[in-house]
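> Starting off with a structure, shown below.
The values are calculated or read from the model by the stated rules, or taken from the named source; none is laboratory data. Remember, it's a predicted structure, so these values are computed and weren't measured experimentally. Because the Cβ atoms are built from the backbone with ideal geometry, glycine has one as well, and the counts that use them run over all protein chains shown. To get the accessible areas, we keep the full protein, side chains included, count just its heavy atoms, and leave off ligands, DNA and RNA. Shrake-Rupley method; radii C 1.70, N 1.55, O 1.52, S 1.80 Å.
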Amino acid sequence: MLKVGLTGGIGAGKSEVSRLLVEHGAVLIDADRIAREVVAPGTPGLAAVVQAFGEDVLAEDGGLDRPKLGSIVFADPDRLAVLNSIVHPLVGARSRELESAAAEDAVVVHDVPLLAENALAPLYDLVVVVDASPETQLDRLVRLRGMSEQDARARMAAQATREKRLEIADVVIDNDVPLEELRRRVRELWGELVRRARASRTSQE
């Protein structure tokens, strides 16, 4: 098994890269998706979030009001740290369960937005960083996700700097490019990941 950590700043295109890797055959463990699961209605995770932030962060249907919670934590590093202390251990435990269920020869891609922030690079055999300029990130967040510029800049500022992410990268995918070029770069990356997985398996035999 080759364990790959995939990360990138918000709006850099990490989700598109993970989707393309799945098309090639990667086993994807999506930290964002798991983070939603562990605070679903009725979970201990949601109860802990409500205890920390109050019932105002609940939507009318009893689920988490993500925009409301986001407006609180992304403008306040201390509140963000509180949220992370609740959610991250739950996400880590579920991620390990899913990884243990993958085949021995799998390329397992962990899509982890906060990989750099939480110093998780040592957990993986290889770290891939999807990189884009801050201008590109801002444009995508405002134009494609409908964020206000103020909210987009706050989200970007709450993450690690571009330089910090690049410092931990074994491989950098430059995504200031059209989709077709991104596809080609991911195809090349997949070939490298498969080669590394085979080499790792051979060395263990």
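> Taking the stretch 92-205 on its own, what percent of its Cα-Cα pair distances exceed 16 Å?
Distances greater than 16 Å cover 69 percent of the Cα pairs.
> How far is it, in nm, from the label point at Arg96 to the one at Arg184 when both lie 7 Å from their Cα along the line to the Cβ?
Placing both labels 7 Å beyond Cα along the Cβ direction yields 4.3 nm.
> Another one. Tally up the carbon and sulfur contribution to the accessible surface of the chain as a whole percent, 1.4 Å probe, everything protein left in place.
Values: 5580 of 11010 Å².
For the chain, the apolar C and S fraction of the accessible surface comes to 51 percent.
> Quick one: accessible area per residue over the chain, 1.4 Å probe, rounded to a whole number of Å²? Intermediate values should be presented prior to the final figure.
Numbers: 11010 Å² over 205 residues.
Heavy-atom accessible area per residue stands at 54 Å².
> Using only Cα positions of the chain, each an equal point scatterer, no hydration layer, compute I(q)/I(0) via Debye at q = 0.08 Å⁻¹ and quote the log10 values to two decimals.
-0.29
> Right, another one. When only DSSP loop residues count, what trypsin sites (Lys or Arg not before Pro) in the stretch 114-205 have their Cβ near at most 13 other Cβ atoms within 10 Å?
Arg145
> Expressed as an acute angle from 0 to 90° and rounded to the nearest 10, what is the orientation of the C-alpha long axis of helix 77-100 relative to the principal long axis of the chain?
40
> Compute the Rg/Rh shape ratio of the stretch 91-145: radius of gyration over Kirkwood radius, all on alpha-carbon atoms. Mind dumping the intermediate values first?
Working: Rg = 14.8 Å, Rh = 13.7 Å.
On the Cα set of the stretch 91-145, Rg over Rh gives 1.08.
> Would you mind calculating the gained length between Leu123 and Arg19 on full extension (0.36 nm times residue separation, minus the Cα-Cα distance), in nm to one decimal? Could the numbers behind the result be given before it?
Numbers: separation 104, 0.36 × 104 = 37.44 nm, distance 2.17 nm.
Additional length available on full extension: 35.3 nm.
> How far is helix 44-53 tilted off the main Cα axis of the chain, in degrees rounded to 10, range 0 to 90?
Around 50 degrees separate the two axes.
> Note the angle between two axes, namely the Cα long axis of helix 179-204 and the longest principal axis of the Cα atoms of the chain, as a number of degrees from 0 to 90, rounded to the nearest 10.
Roughly 70 degrees, rounded to the nearest 10.
> With N residues in the stretch 20-123, what two-decimal value do you get for its Cα radius of gyration over 2.2 N^0.38 Å? Please report the intermediate quantities before stating the final value.
Values: Rg = 15.2 Å, N = 104, 2.2 N^0.38 = 12.8 Å.
Computed over Cα atoms of the stretch 20-123, the ratio equals 1.19.
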